[in-house]
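The structure appears right after this line, and notes come after that.
No lab work stands behind these numbers, since they all come straight from the coordinates. Note that the coordinates shown come from a computational prediction; the quantities given were computed from them, not determined experimentally. When we count neighbours, we look across all protein chains shown, and the Cβ atoms used for this are built from the backbone with ideal geometry, even at glycine.
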Amino acid sequence: MTLPLPDAAPASRSFLGAADARTPAARLGVAVVHDLVSAIVTGEVAPGDSLPPEGTLSAHFGVSRTVVRESVKRIEEKGLVTVVQGRGTQVQPAESWNMLDPVVLSALVEHDDSLGVLDDLAVIRSALEGSMSADTASRRTDADIADLHAAFDHMAETIEDEEAYSQADVDFHFLVMAQSGNRLAENITKVLFQRARESNRFTGAPTAEAFRATLDEHRRVLEAIEAGNAAEAETAMRTHIIDAWQRRRLPNAKRG
């Protein structure tokens, strides 16, 4: 299936809709990739569909064919499309996408109206950070514990300042990850976490009560790590991440 050309596009918003075209200055490489990725992850261009030809995309985005060609190459590298000889550039099923790619992940979160992606992200984070917390508890040194206490104390000191407290919260998590020694899990989790934090759907509108609850949950993680109790550290971190997300999750979001 091939998308209609711009003059046949429906009136609703579309990445190829005539009313949506912009000036070349605003539509160079990065923006073209963003719109193509968004069109694919939202299903506007479905798996098996073909992208419009190079000339059509060039005219719509107001960029050269070279920019279009490079942009398509970028999304091919992300696993979203493949070039089929004689059939054009076809969209691949979601199983082929590199969902840890920052652009793909950002688009998934950006268009996550049901919050299903963020629900899944919370589960993955809880598993990875829980495992890293257990590793940290098993290998912690006196210096590690001192650093964790300092990070926790900074959280307590900034609890009245939303921005400072949120950053202190992140710093505590990143410190636990770093101390675990599991660089792969640390890297994956940071990619997930940092992209999710770009979305207001993820950060929500935390209250003073929510901050106090998270502080208590971090205290339990710290105490388990300090005691060298790997199982308890893992449970405490897993529980914290899931519970904290449920407190922030918008109650009126449609579940998929």
Least to most buried among Glu76, Glu95, by other C-beta atoms within 10 Å and fewest first, runs Glu95, Glu76
About its Cα centre, how strong a charge dipole does the chain have in debye, to the nearest 20, once Lys and Arg get +1 and Asp and Glu get -1 at the Cβ? 1120
Residue (of Thr207, Val123, Thr42) at the positive-pole extreme of the chain, dipole from beta-carbon charges: Thr42
Arrange His111, His154 by Cβ neighbour counts within 10 Å, fewest through most, would you? His111, His154
Taking Ser96, Ser50, Ser126 and counting other beta carbon atoms within 10 angstrom, the fewest-first order is Ser96, Ser50, Ser126
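Evaluate E = 1/(1 + (r/R0)^6) for Asp243 and Ala31, where r is the Cβ-Cβ distance and R0 equals 41 Å; express this FRET efficiency to the nearest 0.05.
Details: r = 38 Å, r/R0 = 0.93.
Once rounded, the FRET efficiency stands at 0.60.
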For segment 125-132, Karplus-derived ³J(HN,Hα) couplings (6.51, -1.76, 1.60; θ = phi - 60°; whole Hz; x for glycine and proline) come out as 4, 4, 5, 5, 6, x, 4, 5
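How much length, in nm to one decimal, is gained on full extension between Ile145 and Asn229, taken as 0.36 nm per residue of separation minus their Cα-Cα distance?
Details: separation 84, 0.36 × 84 = 30.24 nm, distance 1.32 nm.
Full extension from Ile145 to Asn229 adds 28.9 nm.
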